[in-house]
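Notes to accompany the following structure.
The values are calculated or read from the model by the stated rules, or taken from the named source; none is laboratory data. All values reported here derive from a predicted model rather than from experimental measurement. When we count neighbours, we look across all protein chains shown, and the Cβ atoms used for this are built from the backbone with ideal geometry, even at glycine.
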Amino acid sequence: MKKAIIELTDVNFRYEQRIVLEHINFTVKDGEFWALIGPNGSGKSTLINIILGLLKPEQGSVKLFGEDLEHFHHRELIGYVSQKSNSFNSGFPATVLEVVRSGLTRKKGLFKRFTKKDREQAMKALEIVQMDDFAEQNIGELSGGQQQRVFIARALAGEPKLLVMDEPTVGIDQQNVASFYSMLNRLNGEHGIAILLVTHEIDLVTELATHVACLNRSMHFHGVQSDYQKIDHQSISKWYGHPVRRLHQDEGEVAE
């Protein structure tokens, strides 16, 4: 039986007088691949920040790996990848290997020397995302898609059980987005890493994800991908608060 690694129960959050999240109940279990979708300003990033312990809910409980959030001290179990454009200076003078190896700092502690084993662990993470051939190249010389793969390797270096990503395809050329998501699907399927992915790429990612959550202040849908695919676009547009363009690849048509 799969164990719950994220459990949110009746979570509320507000910024001053503005309600951002209302009565959120949400569970992610070991090995699942969740796509978290919703319009801009729907509370997706706030929800991620609550899960990461960066924000405290006004009401409700949050558990990670079965422990209450305030007592959870095993942050190495969670890998986090933010939007590249908001989190990294591509001119930073570091090799790909150095960037990935820095992901071990949380596990090792600050100011400790990296060992041969650390290098091997970093190289293993690069192999998983198929970037080991670029280990000695400067990070700034890579394309946006390649850089984001390196950041995922950095998150994987600590061998997390859960990978959380907030709009990871920002800055990636559109032709490389499908390949990027295919890599995430492989991480989930072959390596058993649970994934929680915030995205606007609704059609592409919801075909790869095992589960889908649609958030707009409240959780309008959360369940298996096959059930999400049965929902008509009028319902989704209602949840979003505006018409949603949805591509039905099997039918070869676009619904407005």
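If you filter the range 188-200 down to residues that are modelled with pLDDT under 95 and surrounded by 19 or more Cβ atoms within 10 Å (Cβ to Cβ), you find that the one that is nearest to the chain's Cα centre (by Cα) is 197. Only one of the numbered conditions (1) in contact with a helix residue (DSSP H, G or I) (Cβ under 7 Å, 6 or more places away or on another chain); (2) closer than 20 Å to residue 30 by Cβ is violated by residue 186, and that is (1). If you go through the range 1-19 and pick out every residue that is at pLDDT 95 or above and either within 23 Å of residue 210 (Cα to Cα) or crowded, with 18+ Cβ neighbours inside 10 Å (or both), you end up with 8. Among the conditions (1) touching a helix residue (DSSP H, G or I) at 6+ places or on another chain (Cβ under 6 Å); (2) within 24 Å of residue 161 (Cα to Cα); (3) of a type outside the set (A, V, I, L, M), the only one that residue 32 does not satisfy is (1). Here residue 184 fits the description: of a type in the set (A, V, I, L, M, F, W, C), in contact (Cβ under 8 Å) with a residue 60 or more places away in the chain, at negative phi and not in a strand (DSSP E or B). Filtered by the rule that a residue be free of Cβ contacts under 8 Å to residues at least 24 places away in the same chain and of a type in the set (A, V, I, L, M), the range 188-245 gives 224, 231, 236.
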